[in-house]
1. For segment 191-293, what does the alpha-carbon gyration tensor say about shape, rounded, prolate or oblate, given a ≥ b ≥ c as the root eigenvalues, a/c under 1.5 as rounded, and a/b over b/c as prolate?
2. Using the Kirkwood radius over Cα pairs, work out the Stokes-Einstein diffusion coefficient for the chain at 37 °C and 0.692 mPa s, in µm²/s as a whole number.
3. Can you give the direction-averaged projected area of the convex hull of the alpha-carbon atoms in segment 383-428, in nm²?
4. For segment 387-472, what is the relative contact order in percent, using Cα pairs closer than 8 Å and at least 6 residues apart in sequence?
5. Please work out, to two decimal places, the log10 of the ratio I(q)/I(0) at q = 0.09, 0.16 Å⁻¹ from a Debye calculation in which every Cα of segment 90-361 carries one identical scatterer.
6. Summing -39500 (n - 2.57) over the DSSP H runs of n ≥ 4 in the chain and dividing by its residue number, what mean residue ellipticity at 222 nm do you reach, to the nearest 500 deg cm²/dmol?
7. For Gly235, what charge total do you get from the other residues with a beta carbon under 15 Å from its beta carbon, if Lys and Arg give +1 and Asp and Glu give -1?
8. Can you give the log10 of the normalised intensity I(q)/I(0) at q = 0.14, 0.24 Å⁻¹, computed with Debye over equal Cα scatterers of segment 386-482?
Amino acid sequence: MATDETAVLAASITSLNASTAEAFDTRAIQELDAAHFLHPFTDHAALRDKGVRVMVRGQGVHLWDSEGQQLIDGMSGLWCVNVGYGRTSISQAVYRQMETLPFYNSFFNTTNVPAVQLAAELVALAPPQFSHVFFTGSGSEANDTIVRMVRRYWDILGQSERQVVISRQNAYHGSTMAGASLGGMAGMHAQGGLPIPGIRHIGQPNYAEHGHGLSENAFGLVAAGWLEDEILAVGADKVAAFIGEPVQGAGGVIIPPPTYWPEVQRICDKYGILLVADEVICGFGRLGAWFGSELMGMRPDLISFAKGVTSGYVPLGGVLVGKRVAHALVEKGGDFNHGFTYSGHPVACAAALENLRILREERLIEKVALETGPHLKAAFTELATHPLVGHAESCGMVAGLNLVRAKGTSVHDCVRFDPALHVGMVCRGHMFDNGVIMRAVGDRMIVAPPLVMTKTEIDEMAARIRDCLDLTLADVRSRGWM
Ligand SMILES: *Cc1c(COP(=O)(O)O)cnc(C)c1O
């Protein structure tokens, strides 16, 4: 697009925005977007043909786009807006901090008050083995930090040959070089020469996918055993750490059997390997506890966090460091040659402090555990009776359901659609068009609503989902896929 044309479009958007708060020139924004904005994980030619959706406002669990359509945000933005949209107290805390001290680094023997307060508060909320926090700007940076930190830990202990980090297929740990390498997404590894050296992947504890012929608990032990197999294959003296999400998020809300994490913990203890919980999604109440690992029988040495720590209002991530690693770094390590300009950013930390205050004061974590989480489970159990749904699972405020061609008597004998039909994407389209945001991972439809979603709003969301499942069913039948 010619530059002068771009300038005209940009000017028209600005003037529209300024004159009437609610009127947006959607087409102009879409054209500018297509001309200049490269989006994450996006086929740009396809997006340009379709036209991007322009989000303009949020309040509570609802979003509005530039055409005035209201949507229920079943995905909390991207697993992060835990306290919902429109929280004035967070914007005020951010504003106050910006007025006082918008930035200072924490490199050269300096610190800032919100970062210190937040570090102390996070340690107080975390399980008792944690003592320190390393701040980053995102979840990916947190996991990159973890790779460097666990390797440095073993260096300090004189076991530099311990370099290998074991992760899982279909895990999501971010999109930087180390984050994407830790992740087990084949599509990401296919681009850019990943994974980096020293990362290994084992199978995921996905009962529906891999548990044929086993009880759920028996499968949990089998899947944990894959870790021991890999440790022995690599050599126990070469393994630094094992990393996993307590519940896999982007992989499709994969909830492991109850036996899985306790057995993984036992194996890590047996070989002295560090256990890392990626709590970027599961942390800050998502599963009905401050940290998902507390519910899963894990005793991690390190926790990566981001997303829900600020409810996404301002970017922030970090690593909670347990005493085992912190002691080595602090007492014996000397310089740890790693850090970011924005490590401990005062504005982000101020947003996080206010966000944590809201989570505490409104007892949102208890509500997820005792009221809204069970209500979401009941709603999804009910949705599982729909002819298009094979099975549904939930844990706290995450849930998923599988679209199938024919239902079965168990999760293992449903008849699936041909993956090439992308039925999940068809379903997601109906959801979006009818005012509910749900994500498709293959043919698994998932939600992770804001933790403030009330029981009434859950019912409203579930009713919209059911209507859209009906539309998808009619659509799939008319295409002759069923
Ligand atoms: C989103 C996510 C990340 C990456 O966080 P970014 O802030 O996008 O870098 C890492 N791990 C998990 C489990 C995530 O869901």
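The values are calculated or read from the model by the stated rules, or taken from the named source; none is laboratory data. Just so you know, these numbers come straight off a predicted model, no measurement behind them. With ideal geometry, Cβ positions are generated from the backbone for all residues, glycine too; neighbour counts draw on all protein chains shown. The protein model used for the area step is the full one, side chains on, heavy atoms only, and it has no ligands, DNA or RNA in it. Shrake-Rupley method; radii C 1.70, N 1.55, O 1.52, S 1.80 Å.
1. Rounded, because the longest to shortest axis ratio a/c is under 1.5.
2. Details: Rh = 23.7 Å.
In µm²/s, the coefficient is 139.
3. 3.6 nm²
4. It comes to 27 percent, rounded to a whole number.
5. Those come out to -0.40, -1.23, one per q.
6. Result for the chain: -12500 deg cm²/dmol, rounded to the nearest 500.
7. -1
8. Those come out to -0.49, -1.36, one per q.
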